[in-house]
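Working notes, beginning with the structure itself.
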Amino acid sequence: MGQFAEFIINHWILSSLFVLILILLTMDSMRGKLLGFGETKPDEAVRLMNHDDAVVLDVREDSEYAEGHIINALHIPLPLLENRITELQKYKDKPLLVYCRTGNRSAQAASTLMKQGFSSVKKLSGGMIGWKSANLPVSKSPASKS
């Protein structure tokens, strides 16, 4: 134990950085649980869509949606979500899979949906980039609205 304490004292910068990294990793893994929504990988998202009849919500901008989206995805850009939340009320008790380009905007959308009482919200891990990386199908059909 004495050598450990001596190491920490002699290498306090390294030790501090190690503790900081551990804290950040713990916070990242707990973030979804604290916010009330989960995160799902593309393969699990396909299972949710096929077996649990999950509703897919794309919260990217119109131009991003037009470049390609998940088949049958509803499209409501994040800045418009709060004003258009009533369009999603009929899906309140269904699994809802939210995605954007990388996952940042979808986390905001998932948090908003949870606050509005949606019971089962999941964020697509990696967003559309993760979806494409998994070689899953992309549609370029006109915008779909609920």
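Tabulated data for the structure shown
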{"quantity": "The range 51-101 - residue that is more than 21 Å from SER125 (Cβ to Cβ) and of a type in the set (Lys, Arg) and, of those, surrounded by the most Cβ atoms within 10 Å (Cβ to Cβ)", "calculated": "LYS92"}
{"quantity": "Any hit, the range 115-128, residues being surrounded by fewer than 22 Cβ atoms within 10 Å (Cβ to Cβ), in a helix (DSSP H, G or I) and either touching a strand residue (DSSP E or B) at 6+ places or on another chain (Cβ under 7 Å) or at pLDDT 95 or above (or both)", "calculated": "no"}
{"quantity": "Evaluation of ALA5 against (1) assigned to a loop (DSSP other than H, G, I, E, B); (2) loosely packed, with under 10 Cβ neighbours inside 10 Å (one fails), failing number", "calculated": "(1)"}
{"quantity": "Qualifying residue in the range 53-64 (condition: farther than 21 Å from GLY130 by Cβ, part of a loop (DSSP other than H, G, I, E, B) and at pLDDT below 95)", "calculated": "yes"}
{"quantity": "Any hit, the range 60-68, residues being under 19 Å from the mean Cα position of the chain (by Cα) and of a type in the set (A, V, I, L, M)", "calculated": "no"}
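The values are calculated or read from the model by the stated rules, or taken from the named source; none is laboratory data. Only a predicted model underlies this, so the values are computations on that prediction, with no experimental measurement involved. All Cβ positions, even for glycine, are placed from backbone atoms using ideal geometry, and neighbour counts span all protein chains on display.
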